[in-house]
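Accompanying notes for the structure given below.
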Amino acid sequence: MNKNLKLLLKAALLTVGMFLIGYVVGRVLGHQTRDVDFKSFFKIKDHNAFGAMLAAIHIAATFIPLICAAGQFYCIKKQAANRDPDDEDLLDEIENNMNNPLKLVSTGMILNTILYSCTSYFLLENIKPIAIVPNVAFLAGMIWFLIMNEKIVSFEKELNPEKRGSTFDPKFQKKWIASCDEAQKQIIWRAGFEAYRAGTLTCYVVWMAAFILQMLLRFGLMPMICIGIIWLAMNTAYVNTAAKLEAHGYTDD
């Protein structure tokens, strides 16, 4: 039997087997929990109290990373100001350290966006004075994030004058990549591929969780559709880009 055919049969059998196991387990659990009201377990009665708790988490998750990033950035700039211009090892260490505030800024920006939407869901249902808190925190956080990003990029351009672009420019990423050397571009491509792999795995796991919860809570199809759209868009962009690069002769050795 052809080797590829054997691999295909193994993959098909594994898929069917996992499906049957999931189906049987789901049927058994469904039968055993038929009279259980799962919605009541997850129902939040006091939206204002839960919203206030989320608002506190939102503020902490937004501004703690920003404060830490600002402190790290200050220390790095101070270290760079006192360095010997001919000390290449110290320059490499400074550039590596720049990843720390950058990670904090990007992570904090994502948490700010997610927690703002979650907090608003509970606090904006009944408009009250406390509902202004997540709005102010979100706007202040986003402004601070933008400023910190621009400061980090400007400092990187001071260390490497060949770098181009401003974070306030819609074409920043394109200009920045164009100003990178081949080694830096390879890092960007490899990091992008790892991000694609992580995103694909995350979509699969989150879709599975959403599917199971949908069967229990009946919260609608929108979560699974949203996950599917992200998954499809990411996969389509990857496949189309790879096809275009290969067609133009750009291959990775």
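Taking the condition surrounded by 15 or more Cβ atoms within 10 Å (Cβ to Cβ) and either over 30 Å from ALA81 (Cβ atoms) or among the basic types (Lys, Arg) (or both), does PHE122 pass? I'd like the intermediate steps shown before the answer.
Details: surrounded by 15 or more Cβ atoms within 10 Å (Cβ to Cβ): yes; either over 30 Å from ALA81 (Cβ atoms) or among the basic types (Lys, Arg) (or both): yes.
It is true that PHE122 is surrounded by 15 or more Cβ atoms within 10 Å (Cβ to Cβ) and either over 30 Å from ALA81 (Cβ atoms) or among the basic types (Lys, Arg) (or both).
Please report, ordered by residue number, the helices (runs of 4 or more DSSP H) entirely within the range 153-253 with at least 2 residues that are at pLDDT below 85 and surrounded by 14 or more Cβ atoms within 10 Å (Cβ to Cβ).
Values: elements: 172-178, 182-217, 222-247.
Helices (runs of 4 or more DSSP H) meeting the threshold: 182-217.
Of these, MET98, MET109, which one is under 20 Å from ALA70 (Cβ atoms), touching a Gly at 6+ places or on another chain (Cβ under 9 Å) and modelled with pLDDT of 85 or more?
On the way: MET98 fails: touching a Gly at 6+ places or on another chain (Cβ under 9 Å).
From the options MET98, MET109, the qualifying one is MET109.
Please work out which one of (1) in contact with a helix residue (DSSP H, G or I) (Cβ under 6 Å, 6 or more places away or on another chain); (2) touching a residue at least 24 places away in the same chain (Cβ under 8 Å); (3) hydroxyl-bearing (Ser, Thr, Tyr) is the condition THR167 fails and give its number.
(2)
Quick check on PHE122: is it out of contact with any Cys (no Cβ under 9 Å at 6 or more places or on another chain), over 26 Å from ASN100 (Cβ atoms) and in a helix (DSSP H, G or I)? Reasoning before the result, please.
Working: out of contact with any Cys (no Cβ under 9 Å at 6 or more places or on another chain): yes; over 26 Å from ASN100 (Cβ atoms): yes; in a helix (DSSP H, G or I): yes.
Here the answer is yes, as PHE122 does meet what is asked.
The values are calculated or read from the model by the stated rules, or taken from the named source; none is laboratory data. Because the structure is predicted, anything quoted here is derived from the model rather than measured. Here the Cβ is made from the backbone with ideal geometry for all residues, glycine too, and neighbour counts use every protein chain on show.
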